[in-house]
Amino acid sequence: MNLFDYDEENSGKKEPLASRMRPKTPEDVIGQQHLIGKGRLLYRAIKADRLGSLIFYGPPGTGKTSLAMVIANSTKAVFRQVNATTSGKKDLEAVIREAQDTAAMNGKKTILFIDEIHRFNKAQQDYLLPFVEDGTVILIGATTENPYFEVNKALLSRSRIFELKPLTKEDITALIEKCLADPVNGIAGEMVRMTPEAVSFLADAADGDARAALNAVELAVLTTDRSDDGYIDIDLETAEECIQKKSIRYDRDGDSHYDVISAFIKSMRGSDPDAALYYLARMLEAGEDVRFISRRIMICASEDVGNADPRALTVAVDAALAVERVGMPEGQIILAQAASYVACAPKSNAASAGIFRAADMVRKTGNLAVPPWLQDAHYGGAEKLGRGTGYLYSHDYPHHYVEQQYLPDKIRNEKFYLISDVGYEGRLQNYFRSIGKTGFGREDPKK
């Protein structure tokens, strides 16, 4: 019996609770209504049995395999499944041969469900491509990893991607209550009483993972003695023992890694120290490399704070050095100081925007000639070649400044460093005005 074979008579004895509670029809699905709600594309495709290749992408326990089971129960096509963690190319070849034979004999299509499809290497994914393209199989892939990073681009272009979201607390509450009331697939026949506090706690602690919630319910039932009246009573204390800690969903090599670090950087840039500290805590709790975090703080200090507060980069660099010397757990305090300082500092991207403008100009104009008076003159014969002739030494003039052309002739009027009037950059603006140097201000703050 495989995952999609359902033995109703013995279902309560042979399958784990989470497996027994899988939905059978689109209407049975709890959550993911943005995908499977009545009238939605996936709902209509399943009902019409007109599925093309698709990929379900989302965190564990959000219903990827459950949706595949719904399709298995709803389609007239032959349904075959493999798990990429335990299967190889030979398994795929066997499915393809069977699909070709099935199509030739009775014209039936074959749906191939590949769980954990990101586990297949490039060669294995490439093998599938021609058979997906010619319709030998309709591919349904399930993955916890961002498919744009992990799945062959050619397969992606021939598939529709459906992103599943973590289930809400209300979704998981409804699932637990359905489990408690279901005498066939659930535990109603076990005479179980669960307090509202226990249900609420499990729904919250599962953190969007239906499987985790149902596994906790099953563990509570299996490990709790019956009371004098014959019932299994599950209270808050029992629930806490069965799901002891909310796991931090953060794969250092996957999608969550990029999402959380992105939110961390954007929170510092957006001057929100509370959010910056929250995302910092998530990364630290998940075991992120503190050197990686330090590098991001240093980059943000220069890219987004810049000369509006030059001390931000100093704080960030000092924090990086201090964390390496002090280590964890105390290092989290140092990182928190640096992240909150950068978040609270006045912001300017003038320096980073300036180097990008300059780099773009270099790519467009190539190696423009350096003005002769700026060229190196520290060698014999330089004067005869006109090198360095006419250079004005700034320190020989009042305020250590003299008007002089420094850019090549072709771009002599270009401006790259458009400083703001925020923080220390405002003081730089005042200095430029005092020496009569103009044109460095940002005319439009949105640019």
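The values are calculated or read from the model by the stated rules, or taken from the named source; none is laboratory data. These numbers come from a predicted model, not from an experiment. Cβ atoms come from the backbone with ideal geometry, glycine included; neighbour counts cover every protein chain shown.
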So, of the residues in region 282-298 that are in a helix (DSSP H, G or I) and exposed (fewer than 15 other Cβ atoms within 10 Å of the Cβ), which turns out to be modelled with the highest pLDDT?
-> R295
Does region 329-349 include one or more residues that are farther than 30 Å from L284 by Cβ and either of a type in the set (S, T, N, Q) or within 27 Å of the chain's Cα centre (by Cα) (or both)?
-> no
Within region 399-416, residues being touching a residue at least 24 places away in the same chain (Cβ under 8 Å) and of a type in the set (K, R) number 2
Out of all the residues in region 329-346, is one or more in a helix (DSSP H, G or I), of a type in the set (D, E, K, R), more than 13 Å from M268 (Cα to Cα) and at pLDDT below 95?
-> no
Can you confirm whether region 225-234 contains a residue that is of a type in the set (S, T, Y) and in contact with a Ser or Thr (Cβ under 7 Å, 6 or more places away or on another chain)?
-> no
So L156 clears everything in (1) farther than 20 Å from L92 by Cα; (2) in contact with a Pro (Cβ under 7 Å, 6 or more places away or on another chain) except one condition, right? Which one?
-> (1)
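Do we find that A203 is in contact with a Ser or Thr (Cβ under 8 Å, 6 or more places away or on another chain), more than 20 Å from S19 (Cβ to Cβ) and of a type in the set (A, V, I, L, M) in this structure?
Numbers: in contact with a Ser or Thr (Cβ under 8 Å, 6 or more places away or on another chain): yes; more than 20 Å from S19 (Cβ to Cβ): no; of a type in the set (A, V, I, L, M): yes.
For A203, the condition - in contact with a Ser or Thr (Cβ under 8 Å, 6 or more places away or on another chain), more than 20 Å from S19 (Cβ to Cβ) and of a type in the set (A, V, I, L, M) - is not met.
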Looking at (1) assigned to a helix (DSSP H, G or I); (2) among the β-branched types (V, I, T); (3) more than 20 Å from G306 (Cβ to Cβ), find the lone condition where I355 falls short.
-> (3)
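Conditions (1) under 29 Å from A104 (Cβ atoms); (2) at pLDDT 95 or above; (3) in contact with a strand residue (DSSP E or B) (Cβ under 7 Å, 6 or more places away or on another chain); (4) β-branched (V, I, T), marked per residue:
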| position | (1), (2), (3), (4) |
| --- | --- |
| H34 | no, no, no, no |
| G39 | no, no, no, no |
| K47 | yes, no, no, no |
| G58 | no, no, yes, no |
| G61 | no, no, no, no |
| A77 | yes, no, yes, no |
| T85 | no, no, no, yes |
Flag for S19 being buried (at least 16 other Cβ atoms within 10 Å of the Cβ), polar (S, T, N, Q), in a helix (DSSP H, G or I) and at pLDDT 90 or above = yes
What's the number of the condition I111 fails, among (1) out of contact with any helix residue (DSSP H, G or I) (no Cβ under 8 Å at 6 or more places or on another chain); (2) in contact (Cβ under 8 Å) with a residue 60 or more places away in the chain?
-> (1)
Only one of (1) surrounded by fewer than 20 Cβ atoms within 10 Å (Cβ to Cβ); (2) within 21 Å of F149 (Cβ to Cβ) does not apply to G107, and that is (2)
With the condition kept exactly as written, say whether any residue in region 78-93 is in contact with a helix residue (DSSP H, G or I) (Cβ under 9 Å, 6 or more places away or on another chain), in contact (Cβ under 8 Å) with a residue 60 or more places away in the chain and of a type in the set (A, V, I, L, M, F, W, C).
-> yes
Unmet requirement for G366, which otherwise passes all of (1) at pLDDT below 90; (2) farther than 19 Å from M283 by Cα; (3) not assigned by TED's automatic domain parsing to the domain that holds E403 = (3)
Looking at region 191-234, which of the residues that are in contact with a Lys or Arg (Cβ under 9 Å, 6 or more places away or on another chain) and part of a loop (DSSP other than H, G, I, E, B) is surrounded by the fewest Cβ atoms within 10 Å (Cβ to Cβ)?
-> S227
